[in-house]
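The values are calculated or read from the model by the stated rules, or taken from the named source; none is laboratory data. Since we're looking at a predicted model, the values are computed, not measured. Please note: Cβ atoms are built from the backbone with ideal geometry, for glycine as well, and neighbour counts cover all protein chains shown. Ligands, DNA and RNA are excluded from the accessible area calculation, which covers all protein heavy atoms including side chains. Shrake-Rupley method; radii C 1.70, N 1.55, O 1.52, S 1.80 Å.
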Amino acid sequence: MKDTGILAAIPEGPRERLMALGHEMSFPAGTRIFEEGGRADRFWIIHTGGVNLDIHVPGRRAAVVETLGAGRLLGWSWLCPPHQWHLGAEATSPVRAWEFNAAEVLELCERDHELDHALLAYVIEVIGRRLRAARTRLLDLYGPYGSGSPG
Amino acid sequence: MTAVPLPYRVTANRPESADTRTIELQPVAEALPVFAPGQFAMVYAFGVGDIPVSVAGIDGSALTHTIRGVGATSRALCAVRAGTQVGVRGPFGTGWDLPSAAGRDLIIVAGGIGLAPLRPLVREALSAPGTYGRLNVLVGARTPADLLYRSELDGWGHPYCGVTVDRAGPEWTGNVGVVTALLDQAAFDPHDTTAFACGPEVMIRAAARELLHRGVPAQHIRISLERNMHCATGHCGHCQLGPLLLCRDGPVVAYDRAKPLLTVREL
Ligand SMILES: Cc1cc2nc3c(=O)[nH]c(=O)nc-3n(C[C@H](O)[C@H](O)[C@H](O)COP(=O)(O)OP(=O)(O)OC[C@H]3O[C@@H](n4cnc5c(N)ncnc54)[C@H](O)[C@@H]3O)c2cc1C
């Protein structure tokens, strides 16, 4: 299948240099991978399994806003201030992922402009995709005319 | 196909969600020709009107329809009681033409009530193991309470049946997000895949864009365009979309034909 994740987005050379910094992790189902407001100093690329992103609701269970699956980037708040997670993340099934230390990656990017450019383009593409998905969900997508006017 | 509706008896009417019901119909005497998955009937609620409704199940001459009550006629049809009669004309439209996808992987993308016309397609594929490649069913709904055919979905998971909702309550343990995100989980070889999509047009466009991006050719993406229609026989022009009369040339159209029409602001 055509890969639409990081492997497709970053050319082979810089990708290998990036992957050399990653190490494999596994999280049992139910693990809280990070919490809203926590320090965003890492990110992951999901290899297998699913992760729910959620928002804390006082006095209630966290509200799940999106599920990420295989091949997806988990976490981008490490890239820009205030370097805090704006959502929480929980493994919904056993997860295997590559974990990256953000400081190490950013340091490599300072020297490796090819990687810097490709990684930034990839993260922006991911953010754009999630923004599009969130905007689409603002519509009553499954209602008549997707909440547009029938004209 | 008949010009006058034939009487059909309602044999069952069960709820699917707060505004959607599934009704089962048996011909009172003469039956209409056999419907193919993706085709639709004009179903007449006596004294109210008739509306196009896809077949959600085909069992010999018996028909199943799943109807979301949005206006006078659809609400009247949601309210029909077992034992009463409705009028039915059909079969109309192009159908999904599943047999032409023999040997290929299948991706079925359904949003909301769009799962209704895809249900007989899934059943047809499941009833012919070995004829098609891998079957992937991707279902999106607004909330868990809006999901159709819940008891059947589990049996569709070979190799993959994913369900996602836009908004979940605490009881929901499944996926949350747009239906296209489920493609990450699907097992298919894009060049050897035929995709079928039905739902709101915004969803259809998003699904087609994502499938194209992953390498599924436009002519192998079939979508059902359920624009409102009136006569269902290609005469009144009510359902015209560019050069297409959707009641006759559709509702199922290949995406290479539909794409230029769907991107026009208003047609
Ligand atoms: C080929 C085809 C197959 C269909 N299959 C099904 C099905 O299996 N189950 C089902 O519930 N519905 C289906 N529909 C939609 C159904 O025909 C309409 O909901 C129905 O015509 C509405 O009529 P009404 O008199 O109840 O409401 P109206 O008073 O005519 O309309 C009520 C509201 O629904 C909107 N509406 C009307 N028609 C449509 C439409 N086609 N799409 C989106 N919004 C619409 C109107 O603009 C209005 O806002 C199908 C439509 C087509 C063209």
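Applying a 4.7 Å cutoff between beta carbons, the unpaired cysteines of chain B are B:Cys78, B:Cys161, B:Cys198, B:Cys239, B:Cys247. The fraction of all Cα pairs in region B:98-261 landing in successive 5 Å bins from 0 to the largest distance is 2, 9, 18, 21, 20, 15, 9, 5, 1, 0, 0, given as whole percents.
Chain A against chain B buries an accessible area of about 2400 Å², both chains summed, 1.4 Å probe radius. Taking only the Cα atoms of region B:2-92, the radius of gyration and Dmax are 11.6, 33 Å. Rolling a 1.4 angstrom probe over region B:130-217 with all protein chains present gives an accessible area of which 51% lies on carbon and sulfur atoms. Residues in region B:231-238 carry Karplus couplings, in order, of 7, 6, 10, x, 9, 7, x, 4 Hz; the curve used is 6.51 cos²θ - 1.76 cosθ + 1.60 with θ = phi - 60°, and Gly or Pro positions show x. Across chain B, Cα pairs under 8 Å and at least six residues apart give a relative contact order of 17 percent. Here, chain A is characterised by an Rg to Rh ratio of 1.01, where Rg is the alpha-carbon radius of gyration and Rh the Kirkwood radius. Scanning residues 5 or more positions from B:Tyr132 or on other chains, those with amide H under 5 Å from its amide H are B:Gly103, with H placed 1.01 Å from N in the peptide plane.
The rule of thumb for compact globular proteins, 2.2 N^0.38 Å, goes into the C-alpha radius of gyration of the protein assembly as shown 1.08 times. Using the 1.4 Å probe convention, the accessible area of chain A works out to 53 Å² per residue with neighbouring protein chains retained. Kindly identify residues of region B:196-220 having a loss of at least 20 Å² in accessible area between the isolated chain and the assembly of all protein chains, probe radius 1.4 Å. With the partner chains in place, region B:196-220 has these residues losing at least 20 Å²: B:Pro200, B:Val202, B:Met203, B:Glu210, B:His213, B:Arg214. Label positions at B:Ala102 and B:Ala79, each projected 7 Å from the Cα along the C-beta direction, are separated by 4.8 nm. Panel values: region A:29-82, Kirkwood radius from alpha carbon pairs, Stokes-Einstein at 4 °C and 1.567 mPa s, translational diffusion coefficient 105 µm²/s. Using Cα centres only, tell me the gap between region B:140-204 and region B:1-54 in whole Å. Cα centroid of region B:140-204 versus Cα centroid of region B:1-54: 26 Å apart.
Quick one: of the DSSP bridges fully inside chain B, what percent are antiparallel, nearest 5?
Roughly 60 percent of the beta bridges in chain B run antiparallel, per DSSP.
Restricting attention to the protein assembly as shown, close to 70% of DSSP beta bridges with both partner residues there are antiparallel. Ordered from largest to smallest accessible area (heavy atoms of protein chains, 1.4 Å probe), the residues A:Asp54, B:Asp19 come out as B:Asp19, A:Asp54.
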